[in-house]
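Below: one structure, written as structure tokens.
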Amino acid sequence: MRLGEICGLKWENTNLENGFIQLEHQLQEENKDLKLVPLKTLSSQRKIVLLDYTIEELKKLKLKQEENKKYLGDNYHDEDFVVCQSNGLPYHPTYISRNYRRILKDNKYRINVNGKAKNVSLYEALKIPLIRFHDLRHTHATFLLSQNTNPKIVSERLGHSSIKTTLDIYSHVLPGMQEHAIDNLNKKFPPKE
């Protein structure tokens, strides 16, 4: 998902019982104000099936927001955003992108390395690369393609207007896939002896 799509997602566009979200709009800055605007293309308006883990975390988030509504009462801005501040107001997309790397770098954890205690950043503790928030989108696509997910499905998840866009951007992932396909064919149709 694009950052504006994440920030613009509303609970009314989630279906946690059936495990998907429906993207219809995004949050973007216009004249220093945040506006909820329709997605630009029909392909951007899409259904995204969620991981079971994500569904569970979204359910917890919904409960936390309900607690915040009760606690803050009339001071809660109930605009139905999934990703919002504790008072219900949406996050600015640049706030999330700016703070993502800071959170990964600045949150320290004490771990045991070869019998010695060591303070490490969150990204080091999780053993993930220190990347930009937008790179998570690329990581998702690259992983799916490397697992032989049909490029059409990847294109739909990303909201690309055509599969050509996806293939042009992620062609570096595909070279090994041809060999994998032939290996599968060789197993299915071995040479006759």
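The values are calculated or read from the model by the stated rules, or taken from the named source; none is laboratory data. In this text the structure is predicted, and so the values were computed from the model without any measurement. Here the Cβ positions follow ideal geometry from the backbone for every residue, glycine too, while neighbour counts run over all protein chains shown.
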Consider residue 99 carefully, then state whether it is closer than 30 Å to residue 30 by Cβ and either in contact with a helix residue (DSSP H, G or I) (Cβ under 8 Å, 6 or more places away or on another chain) or of a type in the set (Asp, Glu) (or both). no
Give all pairs with beta carbons closer than 6 Å in which a residue from segment 161-183 that is closer than 19 Å to residue 46 by Cα meets a residue that is surrounded by 13 or more Cβ atoms within 10 Å (Cβ to Cβ) and at pLDDT below 90; count only pairs at least 6 apart in sequence or on separate chains. 161/43
Tally time: how many residues in segment 16-36 are in a strand (DSSP E or B), touching a strand residue (DSSP E or B) at 6+ places or on another chain (Cβ under 7 Å) and farther than 17 Å from residue 84 by Cα? 2
Looking at 112, 107, 87, 119, which one is under 16 Å from residue 7 (Cα atoms) and either without any contact (Cβ under 8 Å) to a residue 60 or more places away in the chain or polar (S, T, N, Q) (or both)? 87
I need the full set of residues from segment 84-94 which are loosely packed, with under 13 Cβ neighbours inside 10 Å and within 18 Å of the chain's Cα centre (by Cα), in order please. 94
Could you check segment 119-178 for helices (runs of 4 or more DSSP H) lying wholly inside it with 1 or more residues that are surrounded by 15 or more Cβ atoms within 10 Å (Cβ to Cβ) and among the charged types (D, E, K, R)? 122-126, 135-146, 151-158
Out of 42, 34, 9, 51, I need the residue that is outside the structural domain of residue 138 (by TED's automatic domain parsing) and surrounded by 18 or more Cβ atoms within 10 Å (Cβ to Cβ). Which one? 9
Out of 62, 105, I need the residue that is surrounded by 13 or more Cβ atoms within 10 Å (Cβ to Cβ), among the basic types (Lys, Arg) and not assigned by TED's automatic domain parsing to the domain that holds residue 37. Which one? 105
Members of segment 43-78 that are among the aliphatic types (A, V, I, L, M) and free of Cβ contacts under 8 Å to residues at least 24 places away in the same chain: 51, 61, 63, 72
